[in-house]
Amino acid sequence: QAPKIRFLNEVYNPCVCLKTGEFFLHKILSEWDPNNGACMLTAMTYLKKIFYSKEFIQNNLPNSEAFDLLVSNKAEFEKNVKDCVRKSIDERFKFNEESCIVFSEYCQAHQEIEKSIFSDEKT
């Protein structure tokens with residue numbers, strides 16, 4: 001079975017289900033082979049592409065509303081995308097137990113680490 005990629009933040013994109021955050025991989029990974037590293041590379045490349053591409057596989061998109069707006073009302077589509085991005089930025093420090101990555105606000109400890117990384121002194 002092909003892997004699932006799921007966003008924890010809301011993503012307004014025709015290839016991402018608004019309810020579950022699941023990224024639409026079915027068409028590109030219909031022949032999933034866990035022993036083929038190229039399958040994962042293809043999935044990651046496609047994932048990156050959906051954020052700048054204007055072309056989508058139109059069959060069975062999980063967010064057909066987003067696709068319809070992209071085609072019929074680009075300004076409204078872009079507004080919805082910006083709203084999602086703004087919300088994601090606003091919530092970047094909010095803890096989510098499902099995430100394996102946790103961001104924290106910049107603090108004094110970060111400044112000390114940054115200083116040691118970029119210093120010319122050898123330790």
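The values are calculated or read from the model by the stated rules, or taken from the named source; none is laboratory data. From a predicted model like this one, the values you see are computed outputs, not experimental measurements. For neighbour counting, all protein chains shown are included, and Cβ atoms are generated from backbone atoms with ideal geometry for every residue, glycine included. Heads up: the accessible areas ignore ligands, DNA and RNA and are worked out on the full protein's heavy atoms, side chains in. Shrake-Rupley method; radii C 1.70, N 1.55, O 1.52, S 1.80 Å.
Some observations on this one:
- Over 24 Å (Cα to Cα) - which of Lys19/Lys79; Lys19/Lys82; Lys94/Lys115; Lys19/Lys49 fall in this group: Lys94/Lys115
- Within the assembled protein chains, the solvent-accessible surface assigned to Ser116 is about 80 Å², based on a 1.4 Å probe.
- With Cα atoms, 0 to 90° folded angle of helix 37-49 axis to the chain main axis: 90 degrees
- From the coordinates shown, log10 I(q)/I(0) by the Debye sum over Cα atoms at q = 0.16, 0.18 Å⁻¹ corresponds to which of (1) -0.95, -1.11; (2) -0.89, -1.02; (3) -0.69, -0.86: (2)
- Amide H to amide H, with H built 1.01 Å from N, Arg6 comes under 5 Å of Phe23, counting only residues 5 or more places away or on other chains.
- Given charges at Cβ of Lys, Arg, Asp, Glu: the chain dipole, positive-most of Tyr52, Ser88, Phe67: Phe67
- Residue order by solvent-accessible surface for Val85, Val71, Val16 is Val71, Val85, Val16, largest first, with ligands and nucleic acids left out and a 1.4 Å probe.
- When the surface is traced with a 1.4 Å probe over the full set of protein chains, Leu18 keeps roughly 80 Å² accessible.
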